[in-house]
1. Evaluate the following for residue 99: is it among the aromatic types (Phe, Trp, Tyr), touching a helix residue (DSSP H, G or I) at 6+ places or on another chain (Cβ under 8 Å) and surrounded by fewer than 17 Cβ atoms within 10 Å (Cβ to Cβ)?
2. Quick one: how many residues across segment 156-197 are of a type in the set (S, T, N, Q), touching a helix residue (DSSP H, G or I) at 6+ places or on another chain (Cβ under 7 Å) and surrounded by fewer than 24 Cβ atoms within 10 Å (Cβ to Cβ)?
3. Quick one: which of 167, 183, 233, 156 is assigned to a strand (DSSP E or B) and among the aliphatic types (A, V, I, L, M)?
4. Among (1) closer than 27 Å to residue 40 by Cβ; (2) surrounded by 22 or more Cβ atoms within 10 Å (Cβ to Cβ); (3) not β-branched (Val, Ile, Thr), where does residue 323 come up short?
5. Cβ contacts < 6 Å: first residue in contact (Cβ under 8 Å) with a residue 24 or more places away in the chain, restricted to segment 36-58; second residue of a type in the set (Lys, Arg) and in a strand (DSSP E or B), any location; separation 6+ or different chain. Result?
6. Tell me, yes or no, whether segment 338-353 has at least one residue that is at pLDDT 95 or above and crowded, with 24+ Cβ neighbours inside 10 Å.
7. Could you grab me the full set of residues in segment 22-55 that are of a type in the set (A, V, I, L, M, F, W, C) and over 17 Å from the mean Cα position of the chain (by Cα)?
8. Residues that are within 27 Å of residue 89 (Cβ to Cβ): list the helices (runs of 4 or more DSSP H) wholly contained in segment 264-379 that include at least 2 such residues.
Amino acid sequence: MTRVATARIRVLRAPVRDGIAMSFSPLRERTMVLVSLTDEDGTTGHGESWVNYPPWGVAERTATLREGVLPLLAGRRIDDVPAVHADLCDRLDPLGRQWGAPGPVRQAISAVDVALWDLRGRRAGAAIARVAAHRVRDRVRVYASSLGPESVAAQAASCRGAGHAAAKVKLGFGRETDTRNLAVARETLGDDVLLYADANQGWDLDEAVAMAPVLRDAGVGWIEEPVRGDGLADLEELHRRTGLVIATGENLYGRATFEAYAASPAVAILQPDVAKAGGITEALAVCDVAEGHDTAVMPHLYGGAAAFAATLQVAAACRVVGGVEYDVRDNPLRDPLLLDPPTPEKGRLDLPDLPGLGVRFDTSALERVTCHDETLELS
């Protein structure tokens, strides 16, 4: 039995060099909040909180961690990670509801939960997939993510050249641009590469219905977050009117919400984000929910090194995970922060199996991109 002695909060930041954009906003820099928890014996675990948007999100996240989440670890035993996770959610979710910000609260809890699992795995000398559940696979399918809205032909050619078997195009930039980008992606990738699409909630219901023939013509396998607000009723109406295969989940919070989406015939694929939904504990629970409804899981992943590693541990532990998102855009906060980072080959990726998160961090690289660093004493 052990307790957390110190908690370190770091903000990591690096410029974006290849013009990443979503339907609602460009991404001008890569940012992550890294939480490192060190126990009384000196073992340290790492976890990441998603902070891509808004640009000022890091100020909220560090404050929520410092003043809301981490003090709840003081003095308590942390060997039972799901119990700690449940307590954090029970105590902080009501504040998130009153704040109108359930997402930021769960995103902060995510970093702590992942760090606790990493800590537990390191103490046990085994990867998280082995100590949290059972390792069910050694390799996982990946799909290349984040093509567009500019240079789609070059990006698709790069994906094909790298041997990717599936790729996803960003949509929501106007019907003309979306139609052109889908056509270019399909032509460049060829018919033997699966094509997915992500509207990032860029359409209203009627716009989504109108885009259905375009998606079909391009042979899109599934459309992610097609409707603004991501309401289940709208997704069900879209599915009823078009029969589109729909994926969603990166902006859902709470197992009851995931249960409702998993139970709906409109939702074919759930996409929980380990760094947003509540960490590894929550992601494993969502996978259990999805399996109970015969719904596929393809975790959302658009963060840094710790989120990448944590997502791979979930994939190693859950049979229901059919694939993992692999961001092919410039990301100096993912591979450059890891020693021997996991890299896809021919559309698949070997799942790391070192203790904890399964990977080793490059401490010098972490220091180079750290722009804020604080330590809290919790013992």
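The values are calculated or read from the model by the stated rules, or taken from the named source; none is laboratory data. Bear in mind that the values here come from a model prediction, so they are computed numbers and not experimental data. Glycine gets a Cβ as well: all are built from the backbone with ideal geometry, and neighbour counts include every protein chain shown.
1. Yes; evaluated as a whole, the condition is true for this residue.
2. So the answer is 2.
3. Selected residue: 167, the only one of 167, 183, 233, 156 that is assigned to a strand (DSSP E or B) and among the aliphatic types (A, V, I, L, M).
4. Failing condition for residue 323: (1).
5. 36/8; 40/3
6. First, pick out the residues of segment 338-353 that are at pLDDT 95 or above: 338-345, 347-353.
Keeping just the survivors that are crowded, with 24+ Cβ neighbours inside 10 Å gives none.
Checking segment 338-353: not a single residue is at pLDDT 95 or above and crowded, with 24+ Cβ neighbours inside 10 Å.
7. First, pick out the residues of segment 22-55 that are of a type in the set (A, V, I, L, M, F, W, C): 22, 24, 27, 32-35, 37, 50-51.
Selection gives 24, 37.
8. Counting at least 2 such residues, we get 274-277, 279-292, 305-317.
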